Amino acid sequence: MSTLRKALFLDRDGVINVEKNYVYRIEDFDFIPGIFELCTLAQQLGYRLVVITNQAGIARGLYSEADFQHLTDWMLGESQSRGIMIDRVYHCPFHPTAGIGEYRRDSFHRKPNPGMILDARDALGLDLSNSVLVGDKDSDIEAGAAAGIQHKLKLLRAEESNPAPLAFSTLHAIGDWLVQLNRSDGQVKSTAVTPP
């Protein structure tokens, strides 16, 4: 029997927090409704939690690696205070055309490339074929496909519509889907995510 573990991979901007232009300050970071409930549910279902985020704002010189780390530490603290343990946060600070200095280059870790996902797989002993990715951009979905993640879910923005079966308008709906996916495991009791 496999000892590999499954993970829920989350993009940051547009999935964990409201998408704004290059968020790097705590006062600009607004959690998307349902993200804490989804993470709690995923943990109950046995998923490790991994954040994978492109951070072109670092490449463009809009903020520093230290600024990103400060915000990340705060985000992790807010999650931990709610009983949520995020196992890893991976970020790619490079951009192939808009980067400044050392940050101007191609990177295997910049989505839609799968580098961050593969790093998490190796560090945490993950079974990607049994893992789930949630992103709000095509590059997120493409990275998941390139890494071999079986379930790739797109969180739609308010102005978007998408007939695809794995496109969702809310994180609550993704939580309900996750429950259905795991129902056959016998692990789920009354843990479905419901809107407030």
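The values are calculated or read from the model by the stated rules, or taken from the named source; none is laboratory data. All values reported here derive from a predicted model rather than from experimental measurement. When we count neighbours, we look across all protein chains shown, and the Cβ atoms used for this are built from the backbone with ideal geometry, even at glycine.
A few points about this structure:
- Residues (assigned to a loop (DSSP other than H, G, I, E, B) and surrounded by 19 or more Cβ atoms within 10 Å (Cβ to Cβ)) located in the range 25-42: Gly34
- When Arg121, Arg104 are checked against the criterion of being at pLDDT 95 or above, touching a Phe, Trp or Tyr at 6+ places or on another chain (Cβ under 9 Å) and basic (Lys, Arg), a single residue qualifies: Arg104.
- The set of residues in the range 97-117 that are within 22 Å of Arg5 (Cα to Cα) and touching a helix residue (DSSP H, G or I) at 6+ places or on another chain (Cβ under 6 Å) comprises His109, Pro114, Ile117.
- Among residues that are touching a Pro at 6+ places or on another chain (Cβ under 9 Å) and surrounded by 18 or more Cβ atoms within 10 Å (Cβ to Cβ), Ser79 is not included.
- Filtered by the rule that a residue be more than 15 Å from the chain's Cα centre (by Cα) and either buried (at least 20 other Cβ atoms within 10 Å of the Cβ) or in a strand (DSSP E or B) (or both), the range 104-125 gives a lone residue, Arg104.
- Lone unmet requirement of (1) in a helix (DSSP H, G or I); (2) loosely packed, with under 13 Cβ neighbours inside 10 Å for Phe68: (2)
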